[in-house]
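Taking it in order: structure first as structure tokens, then the write-up.
Every number here is computed from the coordinates shown, using simple stated rules; none is lab data. Bear in mind that the values here come from a model prediction, so they are computed numbers and not experimental data. Cβ placement follows ideal geometry from the backbone for every residue including glycine, while neighbour counts extend to all protein chains displayed.
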Amino acid sequence: MRKSLLEKDKLASESDIYKKHSELYDLFSQAEDAPEKVVSFFKDKFEDQIVLDFGCGTGKYIQLLSPHSNKYIAVDPSDAQLRIAKNKAANLQNVEVSLINDGIIPLDDDSIDIVFSSWVLGGIQDIQQRKRALDEIERVLRPGGIIYLIENDIGGDFKSIVEMGYGDQKTRRKLTWFNDSGFQEISHLQTSFEFSDLDEAKRIFQGIWGNDISNNILSKSISHNLVILERKPNFILDSTKFVIDNADHVTIQDEIIEKSILHFKEVKHTSWLDELPFDVSSLKDEEKLMFSLVFNAISFSYWGDPYWNVEYRGNLYTRGSLSLAVCIFRSIEERQSLLDPSVLRSLDEKTLSNILRGNTKIPLLKERLNILNEVGNVLSNEFDDKVSNLLTSADLDAIKIAKTLEDIFPNSFEDKYLYKNHQVYFLKRAQAFIHTTVSLFGNNTYGKIKNIEHLTALADYIIPNVLRNLKIIKYSGELKEKIDNEEEIDKGSNFEIEIRAAVVWSIEKIRRELLRSGFEVSITDINDSLWIAGGDLETPFHKTRTTAY
């Protein structure tokens, strides 16, 4: 007989507490986290969100957290537990309570903003069952959604009493599994069970665990340590994690990240747009969006011998991206504006070569021409020549925008590869478009893009050079020799994929280490600070001729 996805350890599997003594379990549940630290942590995060309480039990959190959400859906596989939960939800208009049948959550795909689950996944002892439960949770979670778990933490009298001295070892194994599955520990709470008196505490523990455990209860107040885990399912992070776990030539040195974290605590919000020699804010809204789209559509592969530089208004620009931005603005002044979709549609190689003129011919000119023609045609055929229509069609959602760009502009924004028979995604320039747009608009109009925090670092050839100089990433002897000898590395090779995956995960690890230290710094700010620092480096970087970056 197949086990339920929610079969737990001692609390459930060794007693009939869920079926025969649900009222007793409810008393146990209500006593847990009496200071309501969990509620304090989540109430602001649930505002205007559709929340799924996965494995709600008797509904401890229904009355406490549903008032802070748009809609609150509580599900559990136990009829007996749900009867109590439904009573608690009886007068709450935004709450639905449903039964999980055969491990299936009775909801549509992509229908939930936040999944909240307390003491559930960690209690599933069969790892394959736990994985299937997580898969089912991710099925109903919309792109950009978040999973929050409340699980037992190390220490506290509760674990010591129940696990008879073995609780911390068991808890560490579970937390390791969660960390390996993409969860991060974002908060540790020291809370407590508070029972009405000692007799009630003993009676409840005796009913669940028996006399041996209840005899260890010496107070009506029992300390309990909780950890809050967060997972933001992300196809880029998840696919590149496989690369990091199986890499042959690139290693992320976690101990260096820990030692250098002080440097990143001082990171302030910066943007490469601040270095431009013109006022981007002078553009109209649709022109700003076109600038963001056109720039990021053809911002790649500037290196060569000599390196492509552009002179503008008496100044020489030696960084490729700044030179390209200068060329775009120069095209406006010379009345061949690359911000005009009709110009893009009719653009030919000679005209584009003149627009992008510099000290030498820009690499991959024909590829840039094909991309700009594609951008002009798609905008005309599908979006009435307006980038704003593209954004609204993707609900101003970062994940949807990135995927939309990949789908409708395959020549430009597709950025995925096979690595050891696994699909790996980077979407560097699609994500860069979103970051640029937010920088241009701030928190106004088209800058109000949802779920931007779910995007990753931008894997290019500048940032890995900085990370290598900081000793955060380390190359194998073979790869080091190729880079130092300035040998070209093939697009889509394991060398290149491993370097780029290391960028994504180095910056993600830096962000997580900062968060654990009490500093919330965005991926974008870490990414941009490293990119800006890369302008001062003269050490060899990896050279791959590609339209991806």
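Going through (i) -0.21, -0.41; (ii) -0.33, -0.57; (iii) -0.26, -0.49, the figure that equals log10 I(q)/I(0) by the Debye sum over Cα atoms at q = 0.05, 0.07 Å⁻¹ as computed for the structure here is (iii). Region 201-223 and region 255-332 have Cα centres spaced 63 Å apart. In terms of distances greater than 30 angstrom between alpha carbons, the cross-link table entries Lys268/Lys428; Lys131/Lys259; Lys37/Lys428 yield Lys131/Lys259; Lys37/Lys428.
Which residues among region 108-138 fall inside the zone where the amide N is under 13 Å from a point 7 Å beyond the Cα of Ser181, along Cα→Cβ? Residues passing the 13 Å test: 117-138. Ranked by the mean number of other Cβ atoms within 10 Å of their residues, highest first, the peptides 255-263, 284-292, 48-56 come out as 48-56, 284-292, 255-263. Across the chain, C-alpha contacts under 8 Å between residues 6 or more apart give a mean separation that, scaled by the residue count, equals a relative contact order of 13 percent. Counting only alpha carbon atoms, the long axis of helix 398-408 and the longest principal axis of the chain meet at about 50°. Among the GluC sites (Glu not before Pro) found in region 348-447, not one is both in a DSSP coil and sparsely packed, with 15 or fewer other Cβ atoms within 10 Å of its Cβ. Shown is the FRET efficiency for Glu486 and Tyr307, computed with R0 = 22 Å from the Cβ-Cβ distance and rounded to the nearest 0.05: 0.95. Relative to one another, the C-alpha centroids of region 118-173 and region 445-494 are positioned 34 Å apart. Can you tell me the relative contact order of region 246-534? Whole percent, Cα pairs under 8 Å, sequence separation 6 or more. Rounded, it is 25 percent for region 246-534. Loop-located GluC sites (Glu not before Pro) in region 22-56 (DSSP state other than H, G, I, E, B) with a sparse environment of at most 14 neighbouring Cβ atoms within 10 Å: Glu36, Glu47. For region 10-233, the ratio of Cα radius of gyration to the globular rule of thumb 2.2 N^0.38 Å stands at 0.97.
Peptide packing: for 312-320, 509-517, the average count of neighbouring Cβ atoms within 10 Å per residue gives the ranking 509-517, 312-320, highest mean first. Between region 350-410 and region 55-108, the alpha-carbon centres lie 46 Å apart.
Rounded to the nearest 10 degrees, the angle from helix 235-246 to the longest Cα principal axis of the chain is 90 degrees.
Using the Cβ-Cβ distance between Ser196 and Leu99 with R0 set to 30 Å, the FRET efficiency works out to roughly 0.45.
For the chain, the longest principal axis of the C-alpha atoms and the axis of helix 167-180 are separated by about 30°.
In this structure, the residue pairs whose Cα-Cα separation is over 26 Å, taken from Lys159/Lys265; Lys71/Lys448; Lys265/Lys480; Lys448/Lys491; Lys71/Lys170; Lys174/Lys480, are Lys159/Lys265; Lys265/Lys480; Lys448/Lys491; Lys71/Lys170; Lys174/Lys480.
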